[in-house]
Amino acid sequence: MSAAVGCVRVADWKALSLSRGGRSVIEASAGTGKTWTIAALYLRLLLEEGFTPRQIVVATFTDAAASELRERLRSRLLSAEATAFDAAATVPTDDAVAIWLESRWRADPGVRRQDLDRLRLAQAERDVAPIGTLHGLCARILREQPFAAGSSFEY
C-alpha cells in the first residue's frame with residue numbers, strides 16, 4: 001500500500017509530508033492497512049504538526065467504514081496517551097507507531113509531556129472531529145457554514 005500526495009507515492013507512513021494545506025489520498029485493496037495508516041497519520045498530524053481533531057478531515061465512502069475509522073482513531077489516541085503517560089512501560093516490538101513514539105520521545109524527552117497534553121486535548125475534542133462519510137461531511141459543512149456555502153438556514 002502507498003499514499004499518494006500529488007503525483008508522489010510514499011511507501012512509508014513516517015516519510016509522508018504533512019505540510020499545512022496538504023492532502024493525502026490512501027488507495028489500496030481491502031485488508032491492506034488503510035485504516036491503520038490513517039490512524040498513524042492522524043497521530044502524526046496531532047503531534048508533529050499540532051493540529052486539533054477539529055482541523056483534520058477524514059472521509060470515507062460508507063457508514064461502516066466511517067464508524068471503523070472513528071473507533072480506530074479513538075483506540076490509537078488512547079494507546080498513544082497510555083504510552084506517553086507511562087514512561088516505564090515496555091513498548092511492544094510489533095507496534096510501529098509505539099516504536100515511532102518512543103523514538104520521538106527519546107530524541108527529546110520534553111516532547112513526551114507536550115504530546116501527552118496534546119493527546120488528552122484530542123480525546124476531549126474527538127467527538128466533534130470531522131470524521132465520516134463524504135456525504136455526511138458535506139451535510140455538516142452546509143449545516144455549520146450556511147453563509148459560506150450560500151445555502152439557507154432551513155433544511
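The values are calculated or read from the model by the stated rules, or taken from the named source; none is laboratory data. This one's a predicted model, so the numbers in the text were calculated from it and none came from an experiment. For neighbour counting, all protein chains shown are included, and Cβ atoms are generated from backbone atoms with ideal geometry for every residue, glycine included. Side chains included, ligands, DNA and RNA excluded: accessible areas come from the protein's heavy atoms. Shrake-Rupley method; radii C 1.70, N 1.55, O 1.52, S 1.80 Å.
Report yes if Arg70 is open to solvent by 80 Å² or more (accessible area, probe 1.4 Å), modelled with pLDDT of 95 or more and closer than 17 Å to Ala40 by Cβ, otherwise no. Talk me through it step by step, then tell me what you get.
Details: open to solvent by 80 Å² or more (accessible area, probe 1.4 Å): yes; modelled with pLDDT of 95 or more: yes; closer than 17 Å to Ala40 by Cβ: yes.
Judged against the criteria, Arg70 is a match.
Looking only at residues of the range 90-121 that are within 16 Å of Lys14 (Cβ to Cβ) and of a type in the set (Val, Ile, Thr), we find that the one that is most open to solvent (accessible area, probe 1.4 Å) is Ile99.
Yes or no, residue by residue, for (1) closer than 30 Å to Cys138 by Cα; (2) in a helix (DSSP H, G or I); (3) within 12 Å of the chain's Cα centre (by Cα):
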{"position": "Leu18", "(1), (2), (3)": "yes, no, yes"}
{"position": "Thr32", "(1), (2), (3)": "yes, no, no"}
{"position": "Ser67", "(1), (2), (3)": "yes, yes, no"}
{"position": "Glu81", "(1), (2), (3)": "no, yes, no"}
{"position": "Pro92", "(1), (2), (3)": "no, no, no"}
{"position": "Ile99", "(1), (2), (3)": "no, yes, no"}
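Kindly provide the set of residues from the range 49-65 that are open to solvent by less than 60 Å² (accessible area, probe 1.4 Å) and assigned to a helix (DSSP H, G or I), ordered by number. Answer for the range 49-65, where residues must be open to solvent by less than 60 Å² (accessible area, probe 1.4 Å) and assigned to a helix (DSSP H, G or I): Pro53, Ala65. Contact map, the range 10-33: residues that are more than 23 Å from Leu101 (Cα to Cα) paired with residues that are surrounded by 10 or more Cβ atoms within 10 Å (Cβ to Cβ), Cβ distance under 6 Å, separation 6+ or inter-chain. Pairs shown: Val25/Ala4; Ala28/Met1; Ala28/Lys34.
Among Ala139, Ala87, Ala124, which is in a helix (DSSP H, G or I), open to solvent by less than 90 Å² (accessible area, probe 1.4 Å) and over 16 Å from Pro53 (Cβ atoms)? Don't jump to the end; show me each part of the working.
Working: Ala87 fails: in a helix (DSSP H, G or I); Ala124 fails: over 16 Å from Pro53 (Cβ atoms).
None of the other options fit; the residue is Ala139.
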